[in-house]
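Student: I'd like to ask some things about the structure below.
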Amino acid sequence: MKDLVKVFLILFFVFSLVAISFAQGRQTGTLYGLVVDEEANPLPGATVTLTGTGLMGQRTYITTEGGRFRFPALSPGEYEIRVEMPGFKTVIRKGLILRVGQTTEVKIEMTMSTIEEEVEVIAESPVVDVKSSKASINYSADFIASIPMNRDLYDIQNSIPGAIADGAEYRRTSSILGGTVRSALYALDGVPMNDPATFYSMANINVDVYEEIEFGVGSLPAEVGQTDSAYINIVTKSGGNKFTGGFTGYYTSDALAENLIALEDIQALNVFEPEKYTAYYDGSFNFGGPILVDRVWFFLNGRRLVWDRENPYTPENRMAKVGIASEHYDLRHEEWMGFAKLTFQVTNA
């Protein structure tokens with residue numbers, strides 16, 4: 001009996017590691033590079049040190065015989081690499097942007113020097129993934145915050161090429177690249193979020209916790225199944241080695257909105273009045289930081305959303321046709337959203 005329990009625990013541990021590795025591969029990126037001298041000869045034995053906002057501590061790699069180095073499973077964000085080798089100037093490459101699900105390749109050229117010197121290189125981060133045939137669109141948190149649209153995943157996914165909204169806001173589904181509204185696969189940090197019965201997203205995931213969104217639209221890897229249109233992968237924010245926090249608030253009312261087309265003209269066109277909020281309150285706060293520096297981070301977010309909107313339609317007329325008396329009503333929405341994340345590292349990187 002004890003042997004059976006041991007076998008079960010071992011199998012459970014192995015399959016858990018496999019599941020974690022698949023999820024990790026879908027929510028991280030890879031930095032891959034080559035170190036050469038001034039004549040483009042590869043330099044083996046160079047020390048490459050990586051630091052970044054999404055990294056606990058630092059990682060070090062000694063270049064191979066071909067001068068190659070590789071840092072897998074990196075959270076999306078901005079990174080810096082430092083390349084050192086005796087007899088050469090130390091090179092520091094800043095501003096490397098890593099995207100989820102992509103491989104970023106860099107080439108570092110080192111110059112010989114008789115004294116210890118440092119060369120700081122600031123260049124644009126590569127945007128083409130030469131290691132994968134996958135087609136994807138990536139939105140960073142900064143980009144999402146700057147675009148003029150509703151603070152909702154539904155509007156964000158409708159902004160990508162080939163996406164058509166189905167018109168039912170409560171479902172938050174779209175037809176992407178000709179697929180059905182139930183064919184998109186949603187994932188939160190690599191974990192599927194689709195309702196098993198309807199295949200809609202099970203929850204409205206607050207945009208304030210997004211670190212990056214990857215819309216996989218073609219040549220998806222084998223581990224991404226259950227979709228014939230798009231894979232929508234949301235990578236959430238983590239804490240860091242410094243305590244940070246913030247508050248975001250939005251407000252509007254009927255006094256701040258006005259129809260620019262006269263009601264008579266709207267009726268003449270036989271269309272409904274434009275939809276607008278008569279009241280809108282949106283407050284969100286976040287707080288994160290270290291529990292143990294370079295070991296355990298936390299990130300918390302809470303959001304309250306309340307809005308009222310005029311109902312331009314006439315459901316009372318339809319009810320009257322079936323003999324049921326009904327008054328006209330407007331629309332109201334109230335929602336609480338909460339998120340907590342713990343990031344930890346058991347051993348040194």
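The values are calculated or read from the model by the stated rules, or taken from the named source; none is laboratory data. The structure displayed is predicted, hence computed values, not measured ones. Because the Cβ atoms are built from the backbone with ideal geometry, glycine has one as well, and the counts that use them run over all protein chains shown.
Student: Pick out, from the range 63-121, the strands (runs of 3 or more DSSP E) lying fully within it that include 1 or more residues that are at pLDDT 85 or above and of a type in the set (Gly, Ala, Ser). Please lay out each step first, then the result.
Tutor: Details: elements: 68-74, 77-84, 90-98, 103-109.
Qualifying strands (runs of 3 or more DSSP E): 68-74, 77-84, 90-98.
Student: While we're on this one: Does any residue of the range 317-326 turn out to be out of contact with any Cys (no Cβ under 7 Å at 6 or more places or on another chain) and either in contact (Cβ under 8 Å) with a residue 40 or more places away in the chain or acidic (Asp, Glu) (or both)?
Tutor: Looking for residues that are out of contact with any Cys (no Cβ under 7 Å at 6 or more places or on another chain) and either in contact (Cβ under 8 Å) with a residue 40 or more places away in the chain or acidic (Asp, Glu) (or both), one finds none in the range 317-326, hence no.
Student: So which of 213, 205 ends up being buried (at least 20 other Cβ atoms within 10 Å of the Cβ), assigned to a loop (DSSP other than H, G, I, E, B) and not hydroxyl-bearing (Ser, Thr, Tyr)?
Tutor: Going through 213, 205 in turn, the sole match is 205.
Student: Here is a follow-up. Which one of these is modelled with pLDDT of 85 or more and in contact with a Phe, Trp or Tyr (Cβ under 8 Å, 6 or more places away or on another chain): 272, 243, 298?
Tutor: Numbers: 272 fails: modelled with pLDDT of 85 or more; 298 fails: in contact with a Phe, Trp or Tyr (Cβ under 8 Å, 6 or more places away or on another chain).
Answer to the check: 243.
Student: Next question, about the same structure. Filter the range 38-53 down to residues that are part of a loop (DSSP other than H, G, I, E, B) and touching a strand residue (DSSP E or B) at 6+ places or on another chain (Cβ under 7 Å) and give me whichever is surrounded by the most Cβ atoms within 10 Å (Cβ to Cβ). Full working, then the answer.
Tutor: Taking the range 38-53 first, the residues part of a loop (DSSP other than H, G, I, E, B) are 38-41, 43-46, 53.
Still in the running and touching a strand residue (DSSP E or B) at 6+ places or on another chain (Cβ under 7 Å): 38, 43, 45-46, 53.
On the way: 38: 10, 43: 19, 45: 12, 46: 23, 53: 15.
It comes out as 46.
Student: Cβ-Cβ distance below 6 Å, separation of 6 or more or different chains: which pairs start in the range 268-281 with a residue that is closer than 11 Å to residue 309 by Cα and end on one that is part of a strand (DSSP E or B) and among the charged types (D, E, K, R)?
Tutor: Filtered contacts from the range 268-281: 277/309; 278/308; 279/308.
Student: Are any residues in the range 165-191 more than 11 Å from residue 229 (Cβ to Cβ), in contact (Cβ under 8 Å) with a residue 12 or more places away in the chain and assigned to a strand (DSSP E or B), and if so, which ones?
Tutor: 186, 187, 188, 191
Student: What single numbered condition from (1) of a type in the set (Gly, Ala, Ser); (2) more than 23 Å from residue 152 (Cβ to Cβ); (3) at pLDDT 85 or above fails to hold for residue 320?
Tutor: The one condition residue 320 does not meet is (3).
Student: Between a first residue in the range 198-212 that is at pLDDT 85 or above and a second residue that is of a type in the set (Ser, Thr, Tyr) and outside any strand (DSSP E or B), which pairs have beta carbons less than 8 Å apart while being 6 or more apart in sequence or on different chains?
Tutor: Pairs that qualify, where the first residue is at pLDDT 85 or above and the partner is of a type in the set (Ser, Thr, Tyr) and outside any strand (DSSP E or B), are 199/183; 200/173; 201/173; 211/75; 211/238.
Student: Still on this model: What is the number of the single condition among (1) more than 16 Å from residue 205 (Cα to Cα); (2) modelled with pLDDT under 85 that residue 165 does not meet?
Tutor: (2)
Student: Tell me which residues, restricted to the range 132-164, are surrounded by 13 or more Cβ atoms within 10 Å (Cβ to Cβ) and assigned to a loop (DSSP other than H, G, I, E, B).
Tutor: Listed by number, the residues that qualify are 132, 134, 151, 152, 158, 159, 160, 162.
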